[in-house]
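Right, one structure below, let's go through it.
The values are calculated or read from the model by the stated rules, or taken from the named source; none is laboratory data. Just so it is clear, the structure is predicted and the values come from calculations on it, not from any experiment. Cβ atoms come from the backbone with ideal geometry, glycine included; neighbour counts cover every protein chain shown. Heads up: the accessible areas ignore ligands, DNA and RNA and are worked out on the full protein's heavy atoms, side chains in. Shrake-Rupley method; radii C 1.70, N 1.55, O 1.52, S 1.80 Å.
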Amino acid sequence: MDSVFAIAIEQDQYKSYILTDQEHQSRLEIVPERGGIATKWRIQGQDILYLDEERFADPRASVRGGIPILFPICGNLPGDTYTRNGKSYQLKQHGFARDLPWEVRSRLTDDCAGIILALDSNARTRALYPFDFQLEFTYRLKGMTLAIEQRYTNRSKDIMPFSTGLHPYFWCADKTQLEFEIPATHVEGKGVPEGKSFNGTFDFDVDEIDVALRPVTGSTAIVRDRRRKLQIDISYSKIYSTLVFWTLKGKNYVCLEPWSAPRNALNTGENLTYLEPGQTCEARVELRVSYL
């Protein structure tokens, strides 16, 4: 019997790895050299993810769409600057992992369509972030579920502080038809009144919503699209302390992002992860699509 799981390679501007579960008509595209990003996910002809194709084609522009990887920071730093052992370093918003080419380590087709990617520190990363590390991400597509398993290893002689996150862009045509179950009690940031308790809704009439939802009180957040009769469950491991919601008026996406620490954590230390030399930590995010 032929496997329902397959991996194909397509070469356009970038080399894309196409993971498919044929039985469920589920198709995921991964582009290792463009930040190890998952760019497109279609299930039975419906786009789950949004992708700005024009920005994606421009290697100088950050990608808006797919699922960018955030490391070693989430969000931005004041003046793009942090200090370590008395020395100042520069890091752009969300760090550098989403801008660098990742290496394909392995492909999986036994019980899923999967691919293992790795990013190792190099001279370029050490100029921005003075640590040796290895990141290993495993994408597993099975049915209507995408699991993203992560391993972070400190190869330095010093303790390595970092935060990490994922930035999924979910496609939607009508935000008024969205419903949310987000396990957090407070919301703060752009597009909401100061000191507001979170009641599960957003005002999509404002130009931009960019908010942090904390503290996170559960391991799953839910987005429902009543217009498309789809539900997306976003489950995440305990390392994720913050959920960020971001969208722009007039754009066909909403982002609900699990972050391990809030913005500027590399300066404040809040919720940072610290790895001893030689230590590894693991994390997992799972996106599960179902029909309403």
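For region 27-39, the condition holds for no residue, the condition being that it is modelled with pLDDT under 95 and more than 18 Å from Q150 (Cα to Cα). If the condition is being among the polar types (S, T, N, Q) and either free of Cβ contacts under 8 Å to residues at least 24 places away in the same chain or assigned to a helix (DSSP H, G or I) (or both), then region 128-143 contributes only Q134. Among the residues making up region 231-241, none is in contact with a Cys (Cβ under 9 Å, 6 or more places away or on another chain) and in a strand (DSSP E or B). Applying the condition of being under 30 Å from Y82 (Cα atoms) and of a type in the set (D, E, K, R) to region 108-148 and asking which residue is most open to solvent (accessible area, probe 1.4 Å) yields R124. Can you pull out every residue in region 231-262 that is open to solvent by 30 Å² or more (accessible area, probe 1.4 Å) and of a type in the set (S, T, N, Q)? Those that are open to solvent by 30 Å² or more (accessible area, probe 1.4 Å) and of a type in the set (S, T, N, Q): S237, N252. Restrict the check to region 27-47 and report whether at least one residue is surrounded by fewer than 19 Cβ atoms within 10 Å (Cβ to Cβ), over 28 Å from V223 (Cβ atoms) and in contact with a helix residue (DSSP H, G or I) (Cβ under 8 Å, 6 or more places away or on another chain). No, because not a single residue in region 27-47 is surrounded by fewer than 19 Cβ atoms within 10 Å (Cβ to Cβ), over 28 Å from V223 (Cβ atoms) and in contact with a helix residue (DSSP H, G or I) (Cβ under 8 Å, 6 or more places away or on another chain). For region 189-207, the set of residues classified as open to solvent by 50 Å² or more (accessible area, probe 1.4 Å) and in a strand (DSSP E or B) consists of K190, S197, listed by residue number.
Among the residues of region 263-274, is any over 18 Å from P68 (Cβ atoms), touching a helix residue (DSSP H, G or I) at 6+ places or on another chain (Cβ under 7 Å), among the polar types (S, T, N, Q) and open to solvent by less than 40 Å² (accessible area, probe 1.4 Å)? Yes, that holds for at least one residue. When R214, R228 are checked against the criterion of being open to solvent by 10 Å² or more (accessible area, probe 1.4 Å), charged (D, E, K, R), touching a strand residue (DSSP E or B) at 6+ places or on another chain (Cβ under 7 Å) and modelled with pLDDT of 95 or more, R228 stands alone in meeting it. Among the residues of region 165-188, is any charged (D, E, K, R), under 25 Å from A261 (Cα atoms), part of a loop (DSSP other than H, G, I, E, B) and touching a strand residue (DSSP E or B) at 6+ places or on another chain (Cβ under 7 Å)? Among the residues of region 165-188, not one is charged (D, E, K, R), under 25 Å from A261 (Cα atoms), part of a loop (DSSP other than H, G, I, E, B) and touching a strand residue (DSSP E or B) at 6+ places or on another chain (Cβ under 7 Å), which makes the answer no. Within region 242-278, being under 14 Å from L166 (Cβ atoms) and either part of a loop (DSSP other than H, G, I, E, B) or at pLDDT below 95 (or both) holds for S260, A261.
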